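The values are calculated or read from the model by the stated rules, or taken from the named source; none is laboratory data. This one's a predicted model, so the numbers in the text were calculated from it and none came from an experiment. Because the Cβ atoms are built from the backbone with ideal geometry, glycine has one as well, and the counts that use them run over all protein chains shown.
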Amino acid sequence: MGAFCMIHRRRVGRTRHPTPVSQRNRSMQMAEPKLVLPTMDAIRTWQGVSVPNPAGRLALADFEVLIAALEQLRGDLTLEEEPADFEAALQACKDPNA
Amino acid sequence: MSPDGLSELSMTEAADAFARGEVTARALVEAMLHRLGKHEAQVNSVIRLDREEALLAAHAADKARGAGKAMGKLAGVPMLHKDMYYRRDRVSTCGSRIRRDFVPPITATVLQRLDAAGAIDCGTLNMAEFAQNPSGHNAHFGDCMNPWNAAYCTGGSSSGSGAAVAARFVTAALGSDTGGSIRLPAAMCGVTGLKPTQTRVPRTGVMPLSFSADNVGPLCRTAKDAARFLGVIAGPCPGDPTSAREDVPDYEAALTGDIRGLRIAIVEPWFFDDIEEPVGKAFEAAVIMLQRLGARVEIVNPGSLKAIAVYSALVSRVEGATIHARWMRERAGDYATHLSARLYGGYAIPATLYLEALSRRGPLLRLFCEEAMTGFDLVATPSLRSRVPTRAETDVDANPENWDRLMALSANTRPFNYLGLPTISIPAGFDDRGLPIGLQLAARPFGEARLLRVADAFQRETDWHKRNPLP
């Protein structure tokens, strides 16, 4: 990003991101996370859906990262009391020339 | 003009030439058929071609113009669209085995509006199964192949739309975008793709993937094409109560070529994590071009992106799984491996977290706009962090270990679906393997005119969008 040296940097806040999925070195030989089997049971019980293939198990294993990321968010934000706020936010934030 | 010469016209050039009487609709349709005959075997972009109907419609358009009748803004222009826009009594496969024979009872509002504008609907295009992968793989109709190099992904899910426009089969095509499905094929095939503001374009008669994040928009050659196309399809529709009541501006009138004084934010670090060098260099060159055109550029680091990135991974996953629950119970084997795996994961996400993601969407949009767009008109990012991957290295059906690489493709596009912001991908260079690189620009809600003005100004000074992969 050398050319950006000329560009003024404005820090609004510091962000620490969870390691992107693409950076992780995963192999079929690695141990399957503990969450996979109980999650498969829960899906079967609640939804009546069975794991369709090995890739489906990998999709569940992926949630370790997501769960960790969600844990980091806890306490960051307060829950909004008005869940239909999105359309209002679109209006509130809209382009001034729109 | 020869068929190959006609195929070099952009959508607006073709429509304007027809309006001036310089070209017939029949010649435009025949040029499309000529290009398809010459190159479709190496692209595999079409699911259904209504050849005779297209020629008949072209004849009717030529006759109407000859009789001096008022013609629409897209009159005489042949188009093909992603096979998920319902037309009454015409099969809409949605790229799937499950819907191979599905005949919808209604016609999509956007198709009705394109019909009214005089566009000639010539058939349907290949796509990711149920619009649910970012690479363009399709196990049922065959992968759509990148016209620049068949070994590489087209991007998805609007794979056929990106490839058919790049290959000069058509000048414009409808795509849909829930996590990047317009912008990714636009970036990977080297065309222009616009995802409008959430609610800007009605979704009546469009296959649903995610109630909250689905968007309808065009893939076309130029920003000017996108401006005219959006002007035709945008606006409220009684059939879609979520469609915005905002007035539809004259987007083409906004294309002044002047972006002096415009302020652009580059959002770090999320959009640059793991960025590959050719992509980073092309992005820098694009930013320098925007500065030369008079834009002011600054780097910002909004703290809200952490939550946006996490929540954007939840919403469409759950909603997609919900829509497909019955088929996942009864016909899971009829899905491609990667899709049933992806849908399956959606059932594991607790409803409380899904609702948390939805309830924080508005507050996070406000926060992001405050952090990243106060004092700025636009945000700029690379459309993808990596170069265009090969079809083999993102093929989960062949090797489940490709899962991470597949899912990473939409990292830079997905957050804007969660935020609902209008976003465009425009060609901004080529990598060392000769594949296109995309520049992504995002504006405030309903800021499409501003977005298109910048994209158009950029395209007036560059020729990336004019390169033809199959001359």
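Observations
- Per-region count, segment B:403-413, residues within 12 Å of chain A (Cβ to nearest Cβ) and touching a Gly at 6+ places or on another chain (Cβ under 6 Å): 1
- Condition check for B:V287: closer than 25 Å to B:T462 by Cβ and outside any loop (DSSP other than H, G, I, E, B): yes
- Enumeration of residues in segment B:355-376 that are more than 8 Å from chain A (Cβ to nearest Cβ) and of a type in the set (D, E, K, R): B:E370
Condition check ((1) more than 10 Å from the chain's Cα centre (by Cα); (2) more than 24 Å from B:R342 (Cα to Cα)) across all residues:
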position	(1), (2)
B:M145	yes, no
B:C153	yes, no
B:V165	yes, yes
B:F169	yes, yes
B:L174	no, yes
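- Options B:V216, B:V297, B:V279; residue that is under 23 Å from B:F376 (Cα atoms) and either within 14 Å of chain A (Cβ to nearest Cβ) or buried (at least 23 other Cβ atoms within 10 Å of the Cβ) (or both): B:V297
- Restricting segment B:328-352 to residues that are at the interface with another protein chain (Cβ under 9 Å from one of its Cβ atoms) and in a loop (DSSP other than H, G, I, E, B), the residue that is surrounded by the most Cβ atoms within 10 Å (Cβ to Cβ): B:Y335
- Residue in segment B:405-426 that is closer than 29 Å to A:C93 by Cα, among the small types (G, A, S), touching a residue at least 40 places away in the same chain (Cβ under 8 Å) and in contact with a strand residue (DSSP E or B) (Cβ under 8 Å, 6 or more places away or on another chain) present: yes
- Of the residues B:E370, B:E319, the single one that is assigned to a helix (DSSP H, G or I) and in contact (Cβ under 8 Å) with a residue 40 or more places away in the chain is B:E319.
- The helices (runs of 4 or more DSSP H) located wholly in chain A that include 3 or more residues which are modelled with pLDDT of 60 or more, buried (at least 18 other Cβ atoms within 10 Å of the Cβ) and facing another protein chain (nearest Cβ under 7 Å) occupy A:54-61, A:63-73, A:85-92.
- Selected residue (criterion: surrounded by the fewest Cβ atoms within 10 Å (Cβ to Cβ)) from residues of segment B:430-455 that are more than 14 Å from every other protein chain (Cβ to nearest Cβ) and more than 17 Å from the chain's Cα centre (by Cα): B:D432
- Yes/no for B:L184 being crowded, with 24+ Cβ neighbours inside 10 Å, within 25 Å of B:M71 (Cβ to Cβ) and under 12 Å from the mean Cα position of the chain (by Cα): no
- When segment B:221-251 is filtered for residues that are surrounded by fewer than 19 Cβ atoms within 10 Å (Cβ to Cβ), at pLDDT 95 or above, in contact with a Lys or Arg (Cβ under 9 Å, 6 or more places away or on another chain) and among the charged types (D, E, K, R), only B:D240 remains.
- Identity of the residue in segment B:254-271, surrounded by 19 or more Cβ atoms within 10 Å (Cβ to Cβ) and within 11 Å of chain A (Cβ to nearest Cβ), that ends up nearest to A:A98 (Cα to Cα): B:I264
- Subset of segment B:100-122 [assigned to a loop (DSSP other than H, G, I, E, B) and either in contact (Cβ under 8 Å) with a residue 24 or more places away in the chain or among the aromatic types (F, W, Y) (or both)]: B:R100, B:F102, B:P104, B:I106, B:T107, B:A108, B:A117, B:G118, B:A119
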